[in-house]
Amino acid sequence: MGLEKVMTLEALLTALEKLRQESLRVVFTNGCFDLLHPGHVRLLVEARALGDRLVVGLNDDESIRLLKGPKRPILQADQRAMLLAHLECVDFVVLFSEPTPFRLIQAVRPDVLIKGADWGEGTIVGENFVEGYGGKVVRLPLVPGLSTSSLVEKIRAL
């Protein structure tokens, strides 16, 4: 159980088509999830509670290097995908290689788009697109002091 949740975009879209026929609400979030920590898990659990199925868009390794620098990611894409897929609250994991998840959001057309509260209004990729067809954008609170970058800094300081 778990790894079947990691799929190509094509397989995901086929699965979502069946879910929409059942009028199930699809929630989408994305991120690097380089070192999975309690802040990530809380966000994912809260995101899943806002709909019937949770899709996680996962940055591939190259897109993380472009965003975070040459020393990242810590864990490779297949390892990060496996960790996410084994969380009960996550229904689907799909990797993307673009700098932003906009094309993925356009393809998925989620009912609810989730990001952390550190993203200000008007700064969330896909926000206008999702709201344009009647979808909802939700910013969830973060766990103070918990981020992958802060964990990496702590580890490097040891």
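What the table shows:
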item: Residue ID - nearest to Pro38 (Cα to Cα), chosen from residues in the stretch 125-149 that are among the hydroxyl-bearing types (Ser, Thr, Tyr) and in a helix (DSSP H, G or I); result: Thr148
item: Criterion: buried (at least 16 other Cβ atoms within 10 Å of the Cβ), touching a helix residue (DSSP H, G or I) at 6+ places or on another chain (Cβ under 6 Å) and in contact (Cβ under 8 Å) with a residue 12 or more places away in the chain - qualifying residue of Asp111, Asp61; result: Asp61
item: Test result for Thr148, among the β-branched types (Val, Ile, Thr), in contact with an Asp or Glu (Cβ under 6 Å, 6 or more places away or on another chain) and farther than 30 Å from Lys18 by Cβ; result: yes
item: Count of residues meeting criterion [within 11 Å of Thr29 (Cβ to Cβ), free of Cβ contacts under 8 Å to residues at least 60 places away in the same chain and among the hydrophobic types (A, V, I, L, M, F, W, C)] in the stretch 45-58; result: 4
item: Number of the exception - Glu127 against (1) in contact (Cβ under 8 Å) with a residue 24 or more places away in the chain; (2) surrounded by 15 or more Cβ atoms within 10 Å (Cβ to Cβ); (3) more than 13 Å from the chain's Cα centre (by Cα); result: (1)
item: Flag if Leu19 is out of contact with any helix residue (DSSP H, G or I) (no Cβ under 9 Å at 6 or more places or on another chain) and of a type in the set (A, V, I, L, M); result: yes
item: The one condition in (1) part of a loop (DSSP other than H, G, I, E, B); (2) modelled with pLDDT of 95 or more; (3) within 16 Å of Thr8 (Cβ to Cβ) that Leu84 fails to fulfil; result: (1)
item: Among (1) of a type outside the set (D, E, K, R); (2) out of contact with any Ser or Thr (no Cβ under 8 Å at 6 or more places or on another chain); (3) under 28 Å from Arg72 (Cα atoms); (4) surrounded by 13 or more Cβ atoms within 10 Å (Cβ to Cβ) - the single one Gly122 does not satisfy; result: (4)
item: Any hit, the stretch 35-57, residues being in contact with a Pro (Cβ under 8 Å, 6 or more places away or on another chain), over 17 Å from Val137 (Cα atoms) and surrounded by 14 or more Cβ atoms within 10 Å (Cβ to Cβ); result: no
item: Leu35 vs. criteria among the aliphatic types (A, V, I, L, M), outside any helix (DSSP H, G or I) and at pLDDT below 95; result: yes
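Here is a yes/no grid of residues against (1) without any contact (Cβ under 8 Å) to a residue 60 or more places away in the chain; (2) part of a loop (DSSP other than H, G, I, E, B):
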site: Leu75; (1), (2): yes, yes
site: Arg80; (1), (2): yes, no
site: Arg103; (1), (2): yes, no
site: Lys115; (1), (2): no, no
site: Thr123; (1), (2): yes, yes
site: Leu151; (1), (2): no, no
site: Arg156; (1), (2): yes, no
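Here is a yes/no grid of residues against (1) over 25 Å from Ser150 (Cα atoms); (2) charged (D, E, K, R); (3) within 14 Å of the chain's Cα centre (by Cα); (4) surrounded by 15 or more Cβ atoms within 10 Å (Cβ to Cβ):
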site: Lys68; (1), (2), (3), (4): no, yes, no, yes
site: Ala77; (1), (2), (3), (4): no, no, yes, yes
site: Arg80; (1), (2), (3), (4): no, yes, yes, yes
site: Leu104; (1), (2), (3), (4): yes, no, yes, yes
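The values are calculated or read from the model by the stated rules, or taken from the named source; none is laboratory data. Small disclaimer: the values here were computed from a predicted structure and weren't measured. Quick reminder, even Gly has a Cβ in these numbers, built from the backbone with ideal geometry, and neighbours come from all protein chains shown.
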